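Here the structure is laid out as structure tokens; the discussion comes afterwards.
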Amino acid sequence: GPALRDTALWFALILGSAALTVWLWGSWWAVLPYLAYCVLYASTSDSRWHESGHGTAFRTDWMNNALYEIASFMVMRESTVWRWSHTRHHSDTIIVGRDPEIAVPRPPDLKALVMNFFNLRGYPAYFKHIILHSLGRMTADEKTYIPASEFSKIYRKARIYAGIYLAVIAACFATGSILPLMFIGLPNLFGSWLMVIYG
């Protein structure tokens, strides 16, 4: 019950801030609901991603899996890749060369940390991997923690992700507006900062 309520509230806030952005589009007032949308989309999806990935958001597996897939897309993480990456992270936490999710290495890379506020390092890596996986290829590093039996699932989902982004770009051209890209594709540029603070 509480998880359903909280998830419904989360989606309502995302859709409400998106609707308010569209309604105010063309005026500077649109910035306020849009920034709220970006944080709700890009930062708060991280906690949903994490808890549903561990199966602790809901008591029901299919609900956890559904929310995990949606939140993975929103936080710009390929769901199957990150499920295995996160498993390795919990097995070999902060072991250099083994843990693919070390957030702040030693010594800390302050430039990278600042860039993470705008996901500037995340965008190129994410889209590079989407393209690579869409073409049916895996990196050598990924092959060390993802079983080969999962590769076809990764390729299929990467193609779905790529299709969504291509559809969004096509919608921009069809409508003559950048709004579709503002809602899917660019929110992580403006809304990832809160996730970095929480992290």
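FYI, it's all coordinate maths here, none of it is from the lab. Just so it is clear, the model here is predicted, and its values are computed rather than measured. All Cβ positions, glycine included, derive from the backbone under ideal geometry; neighbour counts span all protein chains shown.
Numbers at a glance
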| read-out | value |
| --- | --- |
| Order by protection proxy (mean Cβ within 10 Å, highest first), peptides 162-175, 49-62 | 49-62, 162-175 |
| Residue-wise HN-Hα coupling along region 61-68, computed from phi with Karplus coefficients 6.51, -1.76, 1.60 (Hz; x: Gly, Pro) | 4, 5, 5, 4, 5, 5, 5, 4 |
| Surface/4 of the Cα convex hull for region 105-199, nm² | 7.7 nm² |
| Region 29-52 versus region 142-193: alpha-carbon centroid distance in Å | 16 Å |
| Total charge dipole magnitude, the chain, about the Cα centre, Cβ charges on Lys, Arg, Asp, Glu only, Debye to nearest 20 | 300 debye |
| Cross-link partners of Lys111 among lysines (Cα-Cα below 26 Å; sequence separation of 8 or more within a chain) | Lys128 |
| Gain upon complete extension [Arg137, Phe11; 0.36 nm per residue less C-alpha separation] | 42.0 nm |
| The chain - percent relative contact order, Cα under 8 Å, separation 6 or more | 26 percent |
| Cα Rg, Dmax (largest Cα-Cα span) when computed across region 1-75, Å | 13.7, 44 |
| Angle between the chain longest axis and helix 44-53 axis [Cα atoms, degrees, rounded to 10] | 40 degrees |
| Shape category assigned to region 22-65 from the gyration tensor of Cα positions, a/c cut at 1.5 | prolate |
| Percent RCO, i.e. relative contact order, over region 17-79, from Cα pairs under 8 Å lying at least 6 residues apart | 26 percent |
| The chain: Rg to Rh, with Rh as the Kirkwood radius over Cα pairs | 0.97 |
| Radius 11 Å from Cβ of Tyr126, net charge of other residues (Lys, Arg +1; Asp, Glu -1) | +2 |
